[in-house]
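First the structure, in the form of C-alpha cells, and then the observations on it.
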Amino acid sequence: MSIWHLIILLVVVVVIFGTGKLRNIGSDLGSAMRDFKKGLNGDEEEAKRKEDAERLRADPPASSAGQTTQSQRDSSDPK
C-alpha cells in the first residue's frame, strides 16, 4: 500500500460517511475508551479502598491507640 492508496481510501470514506458522522465516531470512540480505562482503574481503586479499610480495622492508627479519655483515667484511679 502506498500513500496514494491511503489518500484514495480516506476520500472514499469521507464521501460515504461525511465529516459529521466521522466526527461523531471519533468522539464516541474516545468516550468509550475513557469509560473502559475508568472501569479498569475503578476496580483497582475499589480493591485498594477495601484493603485499606481492612488494614485500619486490624491495626488502628497509633495516634488514637495511645490516647485515653478522662473517664477512663477517672475510673482507673483508686480513691
Task: Those residues of segment 1-18 which are of a type in the set (Val, Ile, Thr) and open to solvent by 90 Å² or more (accessible area, probe 1.4 Å), in sequence order - done: 3, 8, 15, 16
Task: Output for segment 19-61, where each listed residue is among the β-branched types (Val, Ile, Thr) and surrounded by 10 or more Cβ atoms within 10 Å (Cβ to Cβ) - done: 25
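The values are calculated or read from the model by the stated rules, or taken from the named source; none is laboratory data. What you see is a predicted model, and the numbers here were worked out from it, not measured in a lab. Note that we place each Cβ from the backbone using ideal geometry, even for glycine, and neighbour counts take in every protein chain shown. Areas reflect the complete protein model, heavy atoms only, side chains present, ligands, DNA and RNA absent. Shrake-Rupley method; radii C 1.70, N 1.55, O 1.52, S 1.80 Å.
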